[in-house]
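Here's the structure we're looking at; comments come further down.
Nothing in this text is a laboratory measurement; each read-out follows from the coordinates by a stated rule. Model, not experiment: these values are computed from the prediction. Methodologically, a virtual Cβ is constructed for each residue, glycine included, from the backbone with ideal geometry; neighbour enumeration extends over all protein chains shown.
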Amino acid sequence: MADLSAVTAGIPSVSSAYIHIPFCVRKCAYCDFLSFPSCVDQIGEYVDAVCNEVLLAKKWFSSGDSDTDAAGSQAPLRTIYFGGGTPSLLSPSQVGRILEALSKAYGISEGCEITLEANPGTVDEEKLSGFREAGINRLSIGIQSLDDSVLKTLGRIHDAETAKRAVIDAKAAGFSNISCDMMLGIPGQTMKSVQDTLSFFLEKEIPHISLYSLILEEGTPMYARYGGDIEKYVTQEEDREMYHLVISALKENGFIHYEISNMARPGFESRHNSMYWRAEPYYAFGVGAHYYIGSERGRHAETLDEYLSAMKNSPVKKEDVLFTEEILSEEDRKKEFMMLGFRTRSGVGEQAFFQRFKVNVESAFGAEIEKEIKAGLVEFSDGAYRLTEKGFDLANQVFMDYV
Ligand code: SF4
């Protein structure tokens, strides 16, 4: 491993892990995530490979250098996130095996937030109870909408009834820390349909909502269907109107708009995602998963075959599984810290910036901050620079200053 000590000073130790589960029942019409719809019969083999990688990676990330030795110097994990794909296609015992491997290799701290993304079409109360027993304590449910015509447009496998059932089952299984995803700006979606979905979330006292506007990605069936014509079906103004409707309704109901796309009741903010927004390092395991260790960003083999066959090598070679994408310079890390910090309501703390980089944020980015304050996009209060309401709406203008 390269000598990274000059660029890793001040980087917090690793205490989070992401596990990518790339399987789905079938591909949704808008999806370009790394997920494979027809390989569900390979789940068992995949879980074996991930467990093996979790144990091997501890050695891969141990350089022996106290500045770069992420695994050697790390505290037990404080957040774990099963994302996908559809992690709820795993059985509770498969999830339990991965958690056991993580515990053995890195330790899991008391009170660790352990999230699993669940697709409503793949769970029932019994399975959800099993996930809880296996150690999952936070569910992120991909509801998207409770309007059947919208769900059909999106090509989701679930309908509104199934989605409602999943929420009710999750509560019955004992989950209180639940997040629901909600999509906006979908052709055919009305304000009433947005309102109805929201009303259900409020009625069921869901404490965390993630909001996404539909993005048409090239190569997806929805791109082929609507392509450059999306404005004919839903305008940017309509999309923003839906967004503001949701934000203000949730605020009225005690939610905090703690990140551009996320709202939570106090105490239910995602600790794992907050770790990303503080630009902290994390392990990642599984096909295509991106990691950030020391000052190195990298990814895993991106096809299932490539990943599974590399994990069958004897011995398994790190360079067949993990690929360095970039080594961040101190300058890159400062910019990233600004950009990610500005995504959140807590913003960029003067003290936090100094602690990380041993330099004042004003001397690093004084000109940019002054310009943003003059434009009404950023304000300073309680020791932090943060986006104003206007800034939240025009966040990309601020982000451009740190590209
Ligand atoms: S469930 Fe999620 S990851 Fe799977 S195809 Fe649909 S959008 Fe993509």
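Brief remarks follow.
- GLU370-TYR212 FRET efficiency (beta carbon distance; Förster radius 30 Å; 0.05 resolution): 0.35
- Our analysis of the chain gives Rg over Rh at 0.96, with the two radii drawn from alpha carbon positions and Rh computed by the Kirkwood formula.
- Distant-in-sequence amide contacts of PHE23, defined by a placed amide H-H separation under 5 Å and a gap of 5 or more residues or a different chain, comprise PHE36, THR86.
- Size of the stretch 334-402 from its Cα atoms: along the principal axes, largest to smallest, the extents are 31, 20, 19 Å.
- Considering helices alone, the calculated mean residue ellipticity of the chain at 222 nm is -12500 deg cm²/dmol, with DSSP H runs of length four and up weighted by -39500 (n - 2.57) and normalised per residue.
- Applying the Karplus relation 6.51 cos²θ - 1.76 cosθ + 1.60 with θ = phi - 60° to the stretch 77-86 yields 3J(HN,Hα) values of 4, 10, 9, 9, 9, 8, x, x, x, 10 Hz, where x marks Gly and Pro.
- Per-residue HN-Hα couplings for the stretch 245-256 [Karplus 6.51, -1.76, 1.60; θ = phi - 60°; Hz; x = Gly/Pro]: 4, 5, 4, 6, 5, 5, 4, 4, 9, x, 7, 10
- Dipole of the chain [Lys/Arg +1, Asp/Glu -1 at C-beta], most positive-end residue of SER38, TYR307, TYR81: TYR81
- Taking other residues whose beta carbon is less than 12 angstrom from the beta carbon of GLU336, and scoring Lys, Arg as +1 and Asp, Glu as -1, yields +2.
- Cα-based Rg of the stretch 90-243 normalised by 2.2 N^0.38 Å, two decimals: 1.17
- For the stretch 219-228, backbone phi angles converted through the Karplus equation (6.51, -1.76, 1.60; θ = phi - 60°) give residue-by-residue couplings of x, 8, x, 5, 5, 5, 6, 10, x, x Hz, Gly and Pro being listed as x.
- Taking the fewest neighbouring Cβ atoms within 10 Å as the starting point, the ordered list for PHE201, PHE33 is PHE33, PHE201.
- LEU394 long-range amide H proximity, modeled H, under 5 Å: none
- Note on the stretch 45-168: along the principal axes its Cα atoms extend 56, 28, 28 Å, ordered by decreasing extent.
- Within the chain, the cysteines lacking any other cysteine Cβ closer than 4.7 Å to their own Cβ are CYS24, CYS39, CYS51, CYS112, CYS180.
- With R₀ fixed at 41 Å, the C-beta to C-beta distance from SER363 to GLU237 puts the FRET efficiency at about 0.50.
- Cα pair distances of the stretch 17-66 binned at 10 Å [whole percent]: 21, 39, 25, 12, 3
- Built amide H within the under 5 Å cut-off of ILE141, gap 5+: ALA118, SER179, CYS180, ASP181
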